[in-house]
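Since the structure comes first, as structure tokens, the remarks are kept for the end.
The values are calculated or read from the model by the stated rules, or taken from the named source; none is laboratory data. Only a predicted model underlies this, so the values are computations on that prediction, with no experimental measurement involved. Backbone-built Cβ (ideal geometry, glycine too); neighbour counts: all protein chains shown. In case anyone asks, the SASA skips ligands and DNA or RNA and just uses the protein heavy atoms, side chains included. Shrake-Rupley method; radii C 1.70, N 1.55, O 1.52, S 1.80 Å.
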Amino acid sequence: MPTPTAVLCGLGTSLPDRSVTNDQLIHDNNLDSDPRWILERTGIQARRMADTHTSTGDLASAAGTAALHSAAEQAGPTITPDIVLLATTTPDHRCPATAPAVAHRIGLGGVPALDLSAACAGFVYALTCAKALITAGIYTHPLIIGAETYTTTLIDPHDRDTAILFGDGAAAALLRPGTDDEPGALLTSTLGSDGARAEFAHVPAGGSRLPFPAPTAAPRDHYLRMNGSAVFTQAVRRMTASALHTLAQTGWTTNDVEAYISHQANQRIINAVADRLQIPQPRRHGNLRQLGNTAAASIPLAIADAADTRSVKPGARTLLTGFGAGLAWGAHTMLFPDARPHSQPPRTHHEDTP
Ligand code: COA
């Protein structure tokens, strides 16, 4: 019997209600910026922002539940996840991981559940790990979730270098065993990291290197600090190289790519990678303009958006690329899923507690 591959069979999303335009963001935080500059230099017009009562786990639980409803619509309610991988850089607590609470809140009993931290590359990393679990026969139905609340945790609202870029949200994908010729099939991936350039995007304090608060930590050291142009250059270089490597391993040329979905960080980064790969404009899909950079949630949110609007047809040859702090990056080829995404508003912890 051939080794099964992983097939994406359910998609769920959860977004905070509040949409904040560039105008509002600048006004609310007294930023030295300009709405047109933000739109032209990043492609972002608005972003969803969580309130301080909404956690990453709240968004993740809702997106995970929505993904199960999406899968049930197609395959019947028989699919129960047997492991949960939560890609996030903004967990609910430093300890414990957020995934066990999310699994509990979704009603998954005692399944194994873990957080995976690879910043904006988190979802591509999680896809690769989840697929490996299926092909190795260890688990059959991983639920993978990308969920973030950067705006309430890691972003200094008064730092124009980062405050203009990030938004909050979550999206989830349920996987099952299947064959590599069906819609949703995960094909080949390449992952990479470069810790020598960790300081290009990092949070100086709050970990064991520099606990926060501490006498040696500066007041804003618990916020993300980023060298935008250095990150930009690395993002283009690394995503292009990993895409070419993954395409070669899949046996595709760039001409074969019918849909390109990148991590949504900056439209100029996405275009630079797609131009180098010679993927034409109509094949580039994303939702950066309305959602900004939602880190580990951005790729599954963009997949869900393309599935919802039917702008990519099921079975289309799809290339995903991710890049983020670490540095960490990856690319993945897949056949676009045939799943109708479901969406749920974030659920507060109290709503889930009897
Ligand atoms: N509003 C208005 N002007 C700004 C600005 C802002 N938010 N940020 C920078 N500028 C100004 C600079 O002062 C500079 O002015 P000058 O030419 O008079 O000196 C000019 O715009 C260009 O600055 P630069 O830093 O070169 O801008 P950029 O084109 O590189 O855009 C980013 C900045 C952050 C949008 C861009 O570098 C980026 O998106 N990087 C990748 C970030 C990323 O992907 N992060 C996620 C992974 S951690």
Original post:
Full extension from Ala214 to Lys313: what is 0.36 nm times the residue separation minus their Cα-Cα distance, to one decimal in nm?
Top reply: 30.4 nm
**OP:** Give me D for the chain in µm² s⁻¹, whole number, from Stokes-Einstein with Rh from the Kirkwood sum over alpha-carbon pairs, 25 °C and 0.890 mPa s.
**Re:** 123 µm²/s
Subject >> MRE, 222 nm, helices only [DSSP H, n ≥ 4, -39500 (n - 2.57), over the chain, to nearest 500] >> reply: -10000 deg cm²/dmol
Original post:
Could the peptides 142-148, 265-271 be put in order, highest first, of the mean number of other beta-carbon atoms found within 10 Å of their residues?
Top reply: 142-148, 265-271
**OP:** Can you grab the distance from the C-alpha centre of the stretch 14-30 to the C-alpha centre of the stretch 240-257, Å, no decimals?
**Re:** 37 Å
**OP:** List the equivalent ellipsoid semi-axes of the stretch 286-344 in whole Å, largest first, each obtained as the square root of 5λ for an eigenvalue λ of the Cα gyration tensor.
**Re:** 20, 15, 9
**OP:** Extending each Cα 7 Å along its Cβ direction at Thr80 and Arg268, get the distance between those two points in nm, one decimal.
**Re:** 5.1 nm
Subject >> Net charge dipole size for the chain [Lys, Arg +1 and Asp, Glu -1 on Cβ; Debye, nearest 20] >> reply: 600 debye
Subject >> Percentage relative contact order, the stretch 63-196, counting C-alpha pairs under 8 Å, at least six apart >> reply: 27 percent
Original post:
Mind listing the phi-derived Karplus ³J(HN,Hα) values for the stretch 156-169, rounded to whole Hz, using 6.51, -1.76 and 1.60 with θ = phi - 60°, and x for any glycine or proline?
Top reply: 6, x, 9, 9, 5, 5, 10, 4, 6, 8, 9, x, 10, x
Original post:
For the chain, which DSSP H helices look membrane-span-like by this rule: Cα extent along the axis of 24 Å or more and mean Kyte-Doolittle of at least 0.0?
Top reply: 56-75, 228-250
Original post:
Which of these, Ser229, Ser70, Ser262, has the largest mean-square fluctuation under a Gaussian network model of the chain (Cα springs below 10 Å)?
Top reply: Ser229
**OP:** Provide the descending list of Cα extents for the stretch 190-268 along its principal axes, expressed in whole angstroms.
**Re:** 55, 23, 17
Original post:
Across 10 Å bins from 0, what is the distribution of all Cα-Cα pair distances for the stretch 61-119, in whole percents?
Top reply: 24, 50, 22, 4
Subject >> GNM flexibility winner over the chain from Ala63, Ala103, Ala296 (Cα, springs under 10 Å) >> reply: Ala103
Original post:
So how far apart, in nm, are the two label points at Asn227 and Ile138 if each is 7 Å from Cα heading toward Cβ?
Top reply: 3.5 nm
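Pairs of alpha-carbon atoms within less than 8 angstrom and 6+ residues apart define the contacts here; what relative contact order does the chain have, in percent? The partial results should precede the final answer.
Values: 936 pairs, mean separation 99.1, N = 354.
This gives 28 percent for the chain.
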Subject >> the stretch 1-103, Rg to Rh (Cα coordinates; Rh as Kirkwood inverse mean 1/r) >> reply: 1.11
Original post:
Counting only residues 5 or more places away or on other chains, whose amide H sits under 5 Å from the amide H of Phe166 once H atoms are built in the peptide plane?
Top reply: Asn293
Original post:
Which sequence of Cys129, Cys95, Cys120 reflects their accessible areas, 1.4 Å probe, from the largest down?
Top reply: Cys95, Cys129, Cys120
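Given R₀ = 41 Å, what would the calculated FRET efficiency be for Ala72 paired with Thr348, taking r from the Cβ atoms and rounding to 0.05?
0.95
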Original post:
Which percent, to the nearest 5, of DSSP beta bridges fully inside the chain are antiparallel?
Top reply: 65 percent
**OP:** Measure out, as a whole number of angstrom, how far apart the alpha-carbon centroids of the stretch 282-354 and the stretch 179-198 sit.
**Re:** 15 Å
